[in-house]
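The values are calculated or read from the model by the stated rules, or taken from the named source; none is laboratory data. None of the values given here were measured: they were computed from a predicted structure. Here the Cβ positions follow ideal geometry from the backbone for every residue, glycine too, while neighbour counts run over all protein chains shown.
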Number of protein chains: 4
Amino acid sequence: MAPKALAVIAGVGPGTGASIARRFAKSYSVALLARNPTNYEPLVQEINSNGGQAVGISTDVSDTNSVNSAFEQIAKQYPDTKLAAAIFNPGGGFVRKPFLELTEDDYTTALASQAKGGFTFAQRALPLLLKARESAQHPPTLIFTGATASLKGSANFAAFASAKFALRALAQSLAREFGPQGVHVSHAVIDGVIDIPRTKGFVFEHEDAKLSPDAIADSYWHLHTQPRTTFAFELDLRPYVEKW
Amino acid sequence: MAPKALAVIAGVGPGTGASIARRFAKSYSVALLARNPTNYEPLVQEINSNGGQAVGISTDVSDTNSVNSAFEQIAKQYPDTKLAAAIFNPGGGFVRKPFLELTEDDYTTALASQAKGGFTFAQRALPLLLKARESAQHPPTLIFTGATASLKGSANFAAFASAKFALRALAQSLAREFGPQGVHVSHAVIDGVIDIPRTKGFVFEHEDAKLSPDAIADSYWHLHTQPRTTFAFELDLRPYVEKW
Amino acid sequence: MAPKALAVIAGVGPGTGASIARRFAKSYSVALLARNPTNYEPLVQEINSNGGQAVGISTDVSDTNSVNSAFEQIAKQYPDTKLAAAIFNPGGGFVRKPFLELTEDDYTTALASQAKGGFTFAQRALPLLLKARESAQHPPTLIFTGATASLKGSANFAAFASAKFALRALAQSLAREFGPQGVHVSHAVIDGVIDIPRTKGFVFEHEDAKLSPDAIADSYWHLHTQPRTTFAFELDLRPYVEKW
Amino acid sequence: MAPKALAVIAGVGPGTGASIARRFAKSYSVALLARNPTNYEPLVQEINSNGGQAVGISTDVSDTNSVNSAFEQIAKQYPDTKLAAAIFNPGGGFVRKPFLELTEDDYTTALASQAKGGFTFAQRALPLLLKARESAQHPPTLIFTGATASLKGSANFAAFASAKFALRALAQSLAREFGPQGVHVSHAVIDGVIDIPRTKGFVFEHEDAKLSPDAIADSYWHLHTQPRTTFAFELDLRPYVEKW
C-alpha cells in the first residue's frame, strides 16, 4: 500500500492549527510544527489514538535553521511520502502599541515570525509540493493564514500589519508564480476573535460571536479540494456579528 | 414528513446556474429562474428524473414585475417551504465596446440586469431567508455571482463594470446589514472563462484553462454550509493559468 | 485674443461644486450645471463680478435630454472654445435606509443620478476633451467625485453605494481607455463631512473636523495640472480626525 | 529672522529624491540622506548655489544606527529648526527573481531597506514633526514612496512586494495614529518607469511613457500643502500610457 500523503502545518497550538491538523489528518499523515512541544504533544497523541498519523516537530518559524531542520526531519521520516498540503499558520509577532513605544525588536520580530517565516516555510515546501503534483488526489496546496491586519493598517498595529501585509504579498506572488505550475496557493483572512482557550474569557453581546476553528479548518480543506480549473486565492472569514 | 427546504437560483442556463441547481437539488427543492424556458426545461426534467424536485419559472430579472411574479408563484407552489438559499447568477448586461460607441441603452440595460435585478431579487428573497432562520440546517444564504469586472473597470467595459461594481456594493451592504441577523450574504468573483457550451470553441494554450461550473457550484455549496460563526463574504475563483 | 478655455462643472451647489467653480474660473470660463438655478445664480454673478466668466445652465444630470441640451447650449455659447476640464460632482441619489425599506425608486434614482448621470456627462464631454488636446495648456481632464460609499458598501447604504461603486467603475474604465489618448481621468474619494451651509449644525469633538471645499478644489486643480507623464487616478481626501 | 523650517529626504539619487529635494528646497532647508555621498553631493552643491540650503548625510536606511546618527547630526546642525516634512523614498531592496532562486538575504535585505528602514525613519521623524505642529505653515508631513508592488504581489516579486506591502501597512497605521494628532502621513504609489539617467535606455512605443520626477515632486509638495481639514492618504501616479 502506498504511504498516505502528508500535510505539514506550521503554527499548531490549541486553536486554528489544531483544528486544521485534525481535519487534514482524516486524509493525510500530518507533521505539526510549533515552537513549544506542549503545543503539539496532546494533539499528536489524540490524532494517533484516533487512527491517524501525526508527528510533532519543535520548530521556530522565525529561525531559518529551525525550519530547515524540521523539513529535513520530515524528509527522513517520510522518505517516499508526497506533500499534499502545507499550511502556514504562525502565531508569533503580534504586538499592539502606540508607534513611538514600539521597539525595533517588536518590529523585526513581527517581520521575522510572519513574513520571513512564511518565506522560509514556502521555500522548503514548494519543491515538495511541485514534486507531488503527478500523483496527488487534489492539487498540492499552500495556504497562508492572514488576519484583519493583512488588509488594514490600523493605529497601534504598525508592526503586526507590516508583517501581515508582507505575508499577503508573499502569498499573492507565489499564487501567481506557482498556480500556473499546478500548486494551489491561497490566503485566508481571519477577521475576528477565534474561539480558543485563550479567548474563553472574551464575552460578547451576541452568541456565536467568535470564529470556530473547526469551521476555519473546513474552509481550508475546501480550498485544498478545489480542482486546478477553479482555484480560490483569497477568502475572508468572520463571525456573523463582526463589524467590517 | 416536513417538506424539503427550497433554493431559488436566478440566471440558469447551460453553465454555472445549471451546476448550482444540480448541487443544491441534492438537498433542496429548487426553483430555477431564467428568461427563456429553453434554458431551464431540460434541467428541470433532468433533476426531477434523478429524484430531485425542480420547477422552472420564466423570469426577466431586469423587470421588477417579472421577479415579483416569480416569487408569488414560488409562494403558492411551496406555501410551507423554508427558503434555504437564494443565488443571483444573472447572465444579462454584458457588453464590451469602446466607450463612445456604447449607447445609453447598453448602459442602462447592464445596470438593470445586474444591479437593479440584484436589488429586486434580494428584496423578495431576504424576508423569506429571515423567516427560515429558526429551522434551517445551515444559515440561510444569499449569494451573488461577480466577475473580473466586479473589481476592475477595464477599457471597453464601462457599462458591464459599472453594473458589476454596483452589484458588489449591494452584496457588501446586505452582508453588513443581514449577516448580524443570521443570513449569510456572499459574493463570488468568477475571474476567467467558464467551461460551458458557448465557450467550447475558446482554445487555450494550457489544459484546464476554463473554470469548471461544477467546481464553482461546490464552492457556493461550501459557502452555504458555513456556520454563522465563520462566514466568508468574498471568494475569488479562477483557473490556475489565469493572469490576474 | 484666443478665447479662454472652458471648464464644465456638473453639480454646483453651495459646497464643493462652488469651490471647484471658483478655482477653475481663475483660469477658464466656467459653465455651471445644476438642477435648480438658485444653486448657481449667485455663484455665476460672483464669478462674473470678480472678472471671471461664468454661465449657469439648469440641468438634471439624471436626464439624458437635459444633459444633451446643456452641452448644446455650451457649444452654441462657446463655439470656438476648447474644453479644458469637465467635473462630475453630482449631488443626487443619496439615501440611507434599512434595505427592506428602500423603494425601487430610491434604488433607480441613485443609479440614474450618479452612474447614468456620469455616463451621459462623460459621453458629451469626452469628444470635446479629445478635441482640445492639441492646444491645451494642461492635459484635458475629467474628474469624478466619489464618496466613502465608493469603496465600502455599508449597512443601510445599498442604493447609494451601488451608485457610487458604479461611478467609480466608470471612472476606472474611462481612465484606462482615454488616459492613453491623452485625457486625464480621475476619481476623488471624499471621505467625510464637507463644511458647507447644510452641515453647519454638525458639531464634532475636534476643530477642523469637516473637509474644506476650497481645499478639495485645490486638489482637483492639482490633478488637472499634472502632465501626462504623471497622472494620478485616485485620491482619497478626509479630515485629519476622520476614522477610516 | 527665524531659521527656515527643514525637510529631510531619505533616498536621494539622480531621480525622484533629487526632484523632491529641489522642490522642497524652494521653501525649506533640506537634509538629504543617501548611502553614497556621490548621490547627494552634486545636488547639495546645486541647491546651495541656487540660494537654497542643503546638507547631505551619508546614511544607510536599513541600518538603525546609521539613521539614528543622521538624525543626531540634523539635531546638532539645525538645533532650533522645525521639521516641516520627512520623505522616505528608499532605493534599496529591489529584486526580481523566480521564488526558488531568491536567497534569504534577498528577502531580508528587501524588508530591511524598505519596511524596517521606514520604521526607523518614522520613529526618528515623528517626534520632530509633532513638535513642529504649532508654528508650521503647513501641517508637518511624512510621505512614503510606494510602487506597483505596494498593491500587487506579482510573480517573481515575492521579496520586493513583501517589503513594499509592509511599508504601505506602516504608512496606513501611522496615518491613522498621527493624522488625528495633526501630522499628515501619505503614501504615493509610483506605478511605472521613472525618467531618470538609469532608465534613459528604456525605449517605449509612446512619447512621455516615463514618469517625470519633477511632476512626482510637485504632487508630494501638493500633499504637503493640504490643510488638516483635507488630507489625502494615497495617490497613484502613472504615465498616461501605463497599463494597470
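Take the stretch D:220-243 and flag every residue that is facing another protein chain (nearest Cβ under 7 Å) and not in a strand (DSSP E or B).
Within the stretch D:220-243, D:222, D:226, D:227, D:228, D:229, D:230, D:239, D:240, D:241 meet the criteria.
Given the criteria under 18 Å from the mean Cα position of the chain (by Cα), at pLDDT 95 or above and surrounded by fewer than 22 Cβ atoms within 10 Å (Cβ to Cβ), does residue A:221 qualify?
It is true that residue A:221 is under 18 Å from the mean Cα position of the chain (by Cα), at pLDDT 95 or above and surrounded by fewer than 22 Cβ atoms within 10 Å (Cβ to Cβ).
Just checking, which of B:136, B:163 is aliphatic (A, V, I, L, M) and assigned to a helix (DSSP H, G or I)?
B:163
I need every pair where a residue in the stretch D:69-95 that is on the phi > 0 side of the Ramachandran plot has its Cβ under 9 Å from the Cβ of a residue that is among the acidic types (Asp, Glu), sequence separation at least 6 or different chains.
Here the result reads D:93/D:106, each pair linking the stretch D:69-95 to a residue that is among the acidic types (Asp, Glu).
Taking the stretch A:197-232 as the region of interest, how many residues are over 30 Å from residue A:180 (Cα atoms) and polar (S, T, N, Q)?
Residues meeting the conditions: 2.
Consider residue B:104 carefully, then state whether it is within 30 Å of residue C:129 (Cβ to Cβ), at pLDDT 95 or above and acidic (Asp, Glu).
In short, yes.
Among the numbered criteria (1) away from chain C (no Cβ under 14 Å); (2) within 18 Å of residue C:151 (Cβ to Cβ), which one does residue B:214 miss?
Residue B:214 satisfies every listed condition except (2).
Go through D:140, D:180 for me and flag whichever is without any contact (Cβ under 8 Å) to a residue 24 or more places away in the chain and either within 11 Å of another protein chain (Cβ to nearest Cβ) or farther than 29 Å from residue D:209 by Cα (or both).
Unique residue meeting the criteria: D:180.
Does any residue of the stretch A:183-190 turn out to be over 23 Å from residue A:13 (Cα atoms), at the interface with another protein chain (Cβ under 7 Å from one of its Cβ atoms) and not aromatic (Phe, Trp, Tyr)?
no
So, in the stretch A:85-123, of the ones that are more than 12 Å from residue A:64 (Cα to Cα) and β-branched (Val, Ile, Thr), which residue ends up surrounded by the most Cβ atoms within 10 Å (Cβ to Cβ)?
Within the stretch A:85-123, the match that is surrounded by the most Cβ atoms within 10 Å (Cβ to Cβ) is A:87.
Anything in the stretch A:48-72 that is under 14 Å from residue A:13 (Cα atoms), touching a strand residue (DSSP E or B) at 6+ places or on another chain (Cβ under 8 Å) and outside any strand (DSSP E or B)? List them, or say none.
Across the stretch A:48-72, the qualifying residues are A:59, A:61.
Mind checking whether some residue in the stretch B:126-142 is farther than 30 Å from residue C:185 by Cα, among the β-branched types (Val, Ile, Thr) and touching a Leu at 6+ places or on another chain (Cβ under 7 Å)?
Checked the stretch B:126-142: at least one residue is farther than 30 Å from residue C:185 by Cα, among the β-branched types (Val, Ile, Thr) and touching a Leu at 6+ places or on another chain (Cβ under 7 Å).
Select from the stretch D:1-46 the residues that are in a helix (DSSP H, G or I) and touching a Lys or Arg at 6+ places or on another chain (Cβ under 7 Å) and list them in ascending order.
Within the stretch D:1-46, none qualify.
Under 17 Å from residue B:226 (Cβ atoms) and touching a Pro at 6+ places or on another chain (Cβ under 8 Å), is that true of residue B:192?
Spelling it out, it is not the case that residue B:192 is under 17 Å from residue B:226 (Cβ atoms) and touching a Pro at 6+ places or on another chain (Cβ under 8 Å).
Select, from B:171, B:175, the only residue that is among the small types (Gly, Ala, Ser), surrounded by 24 or more Cβ atoms within 10 Å (Cβ to Cβ), within 14 Å of chain C (Cβ to nearest Cβ) and over 14 Å from the mean Cα position of the chain (by Cα).
Step by step, each of B:171, B:175 is checked, and only B:175 is among the small types (Gly, Ala, Ser), surrounded by 24 or more Cβ atoms within 10 Å (Cβ to Cβ), within 14 Å of chain C (Cβ to nearest Cβ) and over 14 Å from the mean Cα position of the chain (by Cα).
Working only within the stretch A:3-18, note down all residues that are surrounded by fewer than 24 Cβ atoms within 10 Å (Cβ to Cβ) and either hydroxyl-bearing (Ser, Thr, Tyr) or more than 19 Å from residue A:84 (Cα to Cα) (or both).
A:13, A:14, A:15 - these are the residues of the stretch A:3-18 that are surrounded by fewer than 24 Cβ atoms within 10 Å (Cβ to Cβ) and either hydroxyl-bearing (Ser, Thr, Tyr) or more than 19 Å from residue A:84 (Cα to Cα) (or both).
Within the stretch D:103-125, restricting attention to residues that are of a type in the set (Val, Ile, Thr) and in contact (Cβ under 8 Å) with a residue 40 or more places away in the chain, which residue is farthest from residue D:179 (Cα to Cα)?
D:109
Among what's in the stretch D:143-157 and is of a type outside the set (Lys, Arg) and at the interface with chain A (Cβ under 8 Å from one of its Cβ atoms), pick the residue that is nearest to residue D:231 (Cα to Cα).
Filtering the stretch D:143-157 for residues that are of a type outside the set (Lys, Arg) and at the interface with chain A (Cβ under 8 Å from one of its Cβ atoms), the one nearest to residue D:231 (Cα to Cα) comes out as D:149.
May I ask you to say which residue of D:49, D:66, D:62, D:58 is closer than 30 Å to residue A:65 by Cβ, at pLDDT 95 or above, surrounded by fewer than 19 Cβ atoms within 10 Å (Cβ to Cβ) and not hydrophobic (A, V, I, L, M, F, W, C)?
Testing whether each residue is closer than 30 Å to residue A:65 by Cβ, at pLDDT 95 or above, surrounded by fewer than 19 Cβ atoms within 10 Å (Cβ to Cβ) and not hydrophobic (A, V, I, L, M, F, W, C) leaves just D:66.
Just to be sure, is residue B:128 free of Cβ contacts under 8 Å to residues at least 60 places away in the same chain and buried (at least 18 other Cβ atoms within 10 Å of the Cβ)?
Yes: the conditions hold for residue B:128.
Evaluate the stretch C:140-155: report whether one residue or more is surrounded by 24 or more Cβ atoms within 10 Å (Cβ to Cβ), polar (S, T, N, Q) and out of contact with any Phe, Trp or Tyr (no Cβ under 8 Å at 6 or more places or on another chain).
Yes, there is a match, as at least one residue in the stretch C:140-155 is surrounded by 24 or more Cβ atoms within 10 Å (Cβ to Cβ), polar (S, T, N, Q) and out of contact with any Phe, Trp or Tyr (no Cβ under 8 Å at 6 or more places or on another chain).
Mind listing whichever residues of the stretch D:73-100 are under 26 Å from residue A:102 (Cα atoms) and part of a helix (DSSP H, G or I)?
Listed by number, the residues that qualify are D:73, D:74, D:75, D:76.
When you scan the stretch D:25-45, how many residues do you find that are of a type in the set (A, V, I, L, M, F, W, C) and under 16 Å from residue D:121 (Cβ atoms)?
Total meeting the criteria: 5.
With the structure loaded, tell me whether residue B:204 is more than 30 Å from residue C:154 (Cα to Cα), aromatic (Phe, Trp, Tyr) and more than 7 Å from every other protein chain (Cβ to nearest Cβ) or whether it fails that test.
The answer is yes for residue B:204.
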